[in-house]
Each structure stands twice: as C-alpha cells, then as structure tokens.
Amino acid sequence: MTLASAVDVTRRYGAEIALAGVSLDIQPGELIGLLGPNGAGKSTLVNLLAGLRRPSSGTVTLFGGDPREPARRQHIGLTPQETGLPPTLRVGECIDYVAAHFDNPLERDEVLTRFGLNGLVKRQAGGLSGGQKRRLAIALAFVGRPRLVFLDEPTTGLDVEVRHVLWDVIRAFHAEGGTVLLTSHNLEEVEALATRVIVLGAGRILADDTVSAIRGLVGVHRVSMASTPLPRLRGVVSTSESDGRLHLLTPDPDQLVRDLVTATVPFRDIEIRPTTLEEAFLQLTAA
Ligand code: ADP
C-alpha cells in the first residue's frame, strides 16, 4: 500500500509557483532523500504530504486519504521548526506533550536515551543550543511510533558526532520497517542514508531514482592523478586542480587512460571513481 502520494500537484504562493506538476509516491520501507537547492520546493512538498498545507491543484494522499484529517496524521512524525518548541517547556515536558497526542507513544525514557537527551530532561526548550533544539525536534518526530517520518533538514547545523548519532537513529527506525522522507542540503547525508533520491529543482522533479542511478544519470567518472600539465585530451568534460592533483571528468575513463599512456603523460597515483552524488546533483540542477 502506498503510504503517501502526490499526483500532478501544483502549489502557488500568490504569483510564486513553488511546485509545478509534481507526482510521486512513497512505499513502505523507503528511505527517501529529497534534494534540491534553496527555493526548489522541498519544504512545500513535505508540508503538502504532511497535511500542513493544501495544494493549489492536483491531489495529495496520506495513507489513502486526505492528509489534513487527524486520523491520517496519527501515523506520521514531523520535525517541527525550531520556533515551534514552546520556550518555557522543559525537554521532558515537550516529550510528554507530544506523547499525549498519540495512542501508543514511546516511553519518555526511551526517547531520552535514543536521542541522547538524558542530561537535558529538566532544561527549558528556549534555553537549549541550536544543536540541542534540533535533536529534540527530531526526537519529537518519533514519539508517536510513526509509520512515516518527515524530516526537513534534520541535521543542518549539527556537529559531526551528533549527526552520526541521528543517522544511527534514522537507520534503526528504517531497519525496523519505518519509512522516511528527509530533505537535505547535505549530500553526504543523503548518500549515507537514502535508498531513493528525488532531485527537485524550481518546483519540478528532475530525477527520482537510486543513489547509484542518479550518479549514473550524469554518466561521467572522475579520474584524478598527480601529473604535470596535460595536453588536450578527448572526451574530458571538465578539469580542476586541488592538493597538487588534477581531476578530470569524462564519460569514458578507460579511453582517457589509454590516451594518457599514448601521449606519454608522466602521471602518478591515478584514481578512477564514479561521480559523487554532489557532482551529479550539481549537473542536474545547473540548468
Ligand atoms: P525549499 O524548501 O526547497 O527551500 P520552499 O518550499 O521553502 O523551498 O520554497 C519554494 C518556493 O516557494 C520559494 O520560491 C519560496 O520563496 C516560496 N515560498 C515558500 N513558502 C512561501 C510562503 N509561505 N509564502 C510565499 N512564498 C513562499
């Protein structure tokens, strides 16, 4: 059963078109990374699927019905924006407050432990650091034992250690059968977590596939080496230099190596690898 879907959805804000004919569906067990530059429409799409806003046209469903009905929303988890945390409520009270909205919530202690919030239980939400607020916001998304979780930029602004703790929590939820849609600017995060990537640009879906297929869409490899300046080589789509190494993007790395040898280029430490998601993403959204 499809958990959530959008069919030809458009959303306008006045004259601004935030989404222009977006269709997608979310199946149980998926961990989807929604990628796109600022203003691409990621938050708008999440808000429509989670029933926080209505589409201007097209149809959005959640568990087969209208996402705005409370009965549907019982089974989703959502990270509230930081400003949504009541500043005078303590961390433990925030968890209890959210738990009260659900039939079978997680125990408070389990939430505190899973998200490393034990030491903060008596602290007021308003006094938490930015990173601590984010951690609490993400924890709150899981309190109601959701089947589907929407995480909007979950780890932006968090240090690496905390980010990895949260990745583990997301992975564990997914491993237990949970479904996740996360938006991120952090391509490393999407690469590390997602089973499916949707690239959004200017309100449209530019690509919707597995991480490796999205990389493959761009169809180039990166060939790096230590070398003196190179002659002109066939098929090289871009050349850059960093840390004393040259990096060439090419659709045919085998041919490039043959050409380097034929031209007797004195290269050392050659490394060939598929394009990263970041490189693919930059090409897809460059238009
Ligand atoms: P993203 O999350 O990818 O940064 P958004 O969904 O926030 O993108 O925004 C998509 C577009 O819609 C942007 O051009 C943004 O300015 C516009 N937009 C988003 N929310 C509103 C709003 N409440 N009022 C007016 N315009 C909005």
### Listed residue (13, 51, 38) projecting farthest to the positive dipole end of the chain, Cβ model
13
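For the chain, what does the helix formula give at 222 nm: sum of -39500 (n - 2.57) over DSSP H segments with n ≥ 4, over the residue count, nearest 500 deg cm²/dmol?
-9000 deg cm²/dmol
Can you give the charge dipole size of segment 1-97 about its Cα centre, rounded to the nearest 20 debye, using +1 on the beta carbon of Lys and Arg and -1 on the beta carbon of Asp and Glu?
Details: 9 positive and 9 negative charges, 45 e Å.
The calculation lands at about 220 debye.
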### Query
Which cross-chain or sequence-distant (5 or more) residues have an amide H under 5 Å from the amide H of residue 149, H modelled 1.01 Å from N in plane?
77, 179, 180, 181
### Query
Quick one: ranking 13, 97 by accessible area, 1.4 Å probe, largest first, what do you get?
97, 13
### Query
For segment 161-264, with the dipole built from +1 on Lys and Arg beta-carbon atoms and -1 on Asp and Glu ones, taken about the Cα centre, which of 205, 256, 240 lies farthest toward the positive end?
256
### Task
For the chain, set up a Gaussian network in which alpha carbons nearer than 10 Å are linked by springs, and say which option among 51, 244, 39 fluctuates the most.
244
### Query
Where does each of 247, 75 land when they are ordered by accessible area, with a 1.4 Å probe and the largest first?
75, 247
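Provide the three semi-axes, in whole Å and in decreasing order, of the ellipsoid equivalent to segment 166-257 as defined by the square roots of 5 times the Cα gyration tensor eigenvalues.
Working: eigenvalues 235, 51, 28 Å².
Working from the Cα gyration tensor, I get semi-axes of 34, 16, 12 Å.
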### Query
If you plug each phi of segment 104-115 into the Karplus form 6.51 cos²θ - 1.76 cosθ + 1.60 with θ = phi - 60°, what whole-Hz ³J(HN,Hα) values come out, in order, with x for Gly and Pro?
9, x, 5, 5, 4, 5, 5, 5, 4, 5, 4, 9
### Query
To the nearest 10 square angstrom, how much accessible area does residue 173 have with a 1.4 angstrom probe?
20
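How would segment 237-287 be classified by its alpha-carbon gyration tensor: rounded, prolate or oblate, with rounded meaning a/c under 1.5 and the a/b versus b/c comparison settling the rest? It would help to have the intermediate numbers written out before the result.
Values: a/c = 2.46, a/b = 1.79, b/c = 1.38.
Since a/c reaches 1.5 and a/b is larger than b/c, the shape of segment 237-287 is classed as prolate.
Jot down the per residue volume, in cubic angstrom and as a whole number, of the convex hull over the alpha-carbon atoms of the chain. The partial results should precede the final answer.
Working: hull volume 44.3 nm³, N = 287.
Roughly 155 Å³ of hull volume per residue.
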#### Entry: Simple label model, 7 Å out from Cα along Cβ direction - residue 168 to residue 261, nm
4.6
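Classify segment 65-200 from the C-alpha gyration tensor, please: rounded if a/c falls under 1.5, else prolate or oblate depending on whether a/b exceeds b/c.
Because a/c hits 1.5 or more and a/b fails to exceed b/c, segment 65-200 counts as oblate.
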### Summary
Distribution output for segment 26-86: share of Cα-Cα pairs per 10 Å bin in percent, first bin at 0, values 18, 49, 31, 2
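When the dipole is taken about the Cα centre of the chain, and only Lys, Arg (+1) and Asp, Glu (-1) are charged at their Cβ, what size is it in debye, to the nearest 20?
Numbers: 30 positive and 33 negative charges, 106 e Å.
That gives a dipole near 520 debye.
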### Task
Taking the dipole about the Cα centre of the chain, with the C-beta of Lys and Arg at +1 and of Asp and Glu at -1, give me whichever of 230, 29, 106 is farthest to the positive side.
106
### Query
What list of ³J(HN,Hα) values in whole Hz, one per residue of segment 126-138 in order, does the Karplus curve 6.51 cos²θ - 1.76 cosθ + 1.60 (θ = phi - 60°) give from phi, with Gly and Pro shown as x?
x, x, 6, 6, x, x, 5, 4, 4, 4, 5, 4, 5
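Would you kindly state how much longer the chain becomes between residue 88 and residue 147 on full extension, computed as 0.36 nm times their sequence separation minus their alpha carbon distance, in nm to one decimal?
Numbers: separation 59, 0.36 × 59 = 21.24 nm, distance 2.98 nm.
Length gained, residue 88 through residue 147: 18.3 nm.
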### Query
For the residue pair residue 66 and residue 212, what label-to-label distance in nm results when each label sits 7 Å from Cα along the Cα-to-beta-carbon direction?
4.4
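Quick check on segment 28-141: take the gyration tensor over C-alpha atoms, sort the square-rooted eigenvalues as a ≥ b ≥ c, and tell me if it's rounded (a/c under 1.5), prolate or oblate.
Working: a/c = 2.11, a/b = 1.59, b/c = 1.33.
Note, shape of segment 28-141 comes out prolate.
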### Query
Using a Gaussian network for the chain with springs between C-alpha atoms less than 10 Å apart, which of these wobbles most: 192, 50, 15?
15
### Query
Ordering 42, 122, 133 from largest to smallest accessible area (1.4 angstrom probe), what's the sequence?
122, 133, 42
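Enter the accessible area per residue of the chain (Å², integer; probe 1.4 Å; all protein chains in place).
Numbers: 13830 Å² over 287 residues.
Spelled out: the 1.4 Å probe surface of the chain, per residue, equals 48 Å².
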### Among 43, 227, 242: highest mean-square fluctuation, GNM of the chain, C-alpha pairs under 10 Å
242
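The values are calculated or read from the model by the stated rules, or taken from the named source; none is laboratory data. All figures in this text were calculated on a predicted structure; none of them were measured in a lab. Cβ sites come from the backbone with ideal geometry, for glycine too, and all protein chains shown count toward neighbours. Side chains included, ligands, DNA and RNA excluded: accessible areas come from the protein's heavy atoms. Shrake-Rupley method; radii C 1.70, N 1.55, O 1.52, S 1.80 Å.
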